[in-house]
Amino acid sequence: MLIRRLSTSSLLAALLGLTLLLSACGGASVSSNSSKTITAGQVLQNSVTSMQKLKTVHMDFSVTENLQTQSQGTATPTSQSSTTPNNLALSMQGSGDEIFPDQTSSQMKLSVPGLGTDLQLNEIIKDGKVYIQNKQGQWYVLEQSSLTGTSSFLGAASSDQYSRLLTLAQKAQLTDHGDQSLHGQNLRHISVTFGKDALKDLLNSFEQLPSGLSQSDLQQIEQATTLRQAGLELWIDEQNFYVHELGLNLKMDLDLNKLVQATPTTSSSGLSGVFSIQTNATVDYSKFNQPVTINAPANATPTDNPLIIFQQ
């Protein structure tokens, strides 16, 4: 059963992966206050094509996720040995380079409840393997195939996830702000608003399920989740149609009680209550198609348990 298989930490990790992959859509209407002859929808379509043709790109990213217990439906423990915290804050900041289609080098700082507030990590993906270096300098290596549902253990560093957002944004409601200045450049600013029924489309859009989850688990999450808000802010140049900045904002409620009801043999899980989840992510893209070399570290320690990296 879902709750029995997922501890508090692993459930939060799964939710983080879900929110970062939010790529469903609402209506197809487009509102525009721009006098441009090329529409916002055409800009997005051209941008999808251009970004898919990239050979290399540099990224600077920031992700925050806040989980709070709502006043109605306080999270309470169902056992004395395990409790559900009332407030949790996760964050990730960093930068990285990608060589498409399958090489990545990222440096990041994480704050994860239960694991630490100053986790300095490096991650390299190459030749079907994921290398992660902890703040003590030790490298570990995992088989990339073991991380189903995402190419990266740390997920947010992968631009492929945001490319999926960009692709499906074409079907959402668009607001065209015209040309605006960002970081000293004149870029087309487009806001994307997804419908509140987006979660079902999200769960149906996974090419592979996140590690540890089945299709039945995803259906349970859908039934227990109410999407409040989901949107993107995009800044795109109209010469090459590259995305220079992508911002994701997401608000949703997760009723853990409904998950417990769906899996009644969960008395030892310690998970209950209603969480309000807010996610904000910003990715800045630059150095398009500039030469990059990514080398795999020597003498990395093989492991099939990523959590050991944080325990050192």
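Worth a mention:
- Residue 220 buried (at least 17 other Cβ atoms within 10 Å of the Cβ), closer than 24 Å to residue 88 by Cβ, at pLDDT 80 or above and among the polar types (S, T, N, Q): yes
- The listed residue being at pLDDT below 85, touching an Asp or Glu at 6+ places or on another chain (Cβ under 7 Å), over 26 Å from residue 53 (Cβ atoms) and of a type outside the set (D, E, K, R), out of 199, 209: 199
- Residue count for the stretch 31-68 satisfying the condition of being modelled with pLDDT under 80 and either surrounded by 14 or more Cβ atoms within 10 Å (Cβ to Cβ) or on the phi > 0 side of the Ramachandran plot (or both): 3.
- Within the stretch 259-312, the set of residues being under 27 Å from residue 103 (Cβ atoms), aliphatic (A, V, I, L, M) and either in a loop (DSSP other than H, G, I, E, B) or modelled with pLDDT under 65 (or both) comprises 292, 294, 296, 298, 300.
- Selection count where residues are hydroxyl-bearing (Ser, Thr, Tyr) and at positive phi, scope the stretch 173-194: 0
The values are calculated or read from the model by the stated rules, or taken from the named source; none is laboratory data. Here the structure is a predicted model, which means the values were calculated and not measured. Quick reminder, even Gly has a Cβ in these numbers, built from the backbone with ideal geometry, and neighbours come from all protein chains shown.
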